[in-house]
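Below you'll find the structure, written out as structure tokens, and then a few comments.
The values are calculated or read from the model by the stated rules, or taken from the named source; none is laboratory data. What you see is a predicted model, and the numbers here were worked out from it, not measured in a lab. Here the Cβ positions follow ideal geometry from the backbone for every residue, glycine too, while neighbour counts run over all protein chains shown. Accessible surface is based on the protein model in full, side chains and every heavy atom, while ligands, DNA and RNA are left aside. Shrake-Rupley method; radii C 1.70, N 1.55, O 1.52, S 1.80 Å.
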Amino acid sequence: MVWKIARSEALADPDAARHKVLAKLQRLPELDDAEADVIRVLLDAILMVEAYRGARHQVTFLPEMTHSVDHLLRELDILDKADELAAV
């Protein structure tokens, strides 16, 4: 995946990181099943928050929870790459 927000970037300037995410999400209406993708990400975000609430250790299932986010970002990257190829 090409697009990422580094942890240091998100911590140093959360507003800029939010704007970067919002810019990427502008393409959601172009996805085939955007609503299902967003629901999966929201469910994982809620589970992540609950898993970390008061936790003093690493959450063992955190890698699995990132799959829905990674899937959504891959789909948005595909749209970006298609636009780049079409512009050539």
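Expressed as a rounded percentage, what relative contact order does the chain have, with Cα pairs under 8 Å and six or more residues apart?
In percent, rounded to a whole number, it is 42.
Measuring with a 1.4 Å probe in the full set of protein chains, what accessible area per residue, in whole Å², belongs to the chain? Intermediate results must be reported in sequence, preceding the final value.
On the way: 6700 Å² over 88 residues.
I get 76 Å² per residue for the chain.
Counting only protein chains, not ligands or nucleic acids, how are 66, 60 ordered by accessible area (probe 1.4 Å), most first?
Details: 66 50, 60 120 Å².
From most exposed to least exposed: 60, 66.
Translational diffusion coefficient of the chain at 37 °C, 0.692 mPa s, Stokes-Einstein with Kirkwood Rh over Cα pairs, in µm²/s as a whole number.
Result for D is 224 µm²/s.
Roughly how many Å² of residue 49 are accessible to a 1.4 Å probe, to the nearest 10?
80
Quick one: with all protein chains in place, what share of the accessible area of the chain is carbon or sulfur, to the nearest percent (1.4 Å probe)?
Carbon with sulfur: 61 percent of the solvent-accessible area.
Can you give the helix-only mean residue ellipticity at 222 nm for the chain, where every DSSP H stretch with n ≥ 4 adds -39500 (n - 2.57) and the sum goes over all residues, rounded to the nearest 500 deg cm²/dmol?
Dividing the helical sum by the residues of the chain leaves -22000 deg cm²/dmol.
Local charge sum around residue 64 (other residues, Cβ-Cβ under 13 Å, Lys/Arg +1, Asp/Glu -1)?
Here the charged neighbours net out to -1.
Can you list which of the trypsin sites (Lys or Arg not before Pro) found in segment 4-41 are DSSP loop residues with at most 14 other C-beta atoms within 10 Å?
Answer by residue number: 4.
Could you order 80, 32, 13 by accessible surface area, starting with the largest, using a probe radius of 1.4 Å?
Output order, biggest surface exposure first: 32, 13, 80.
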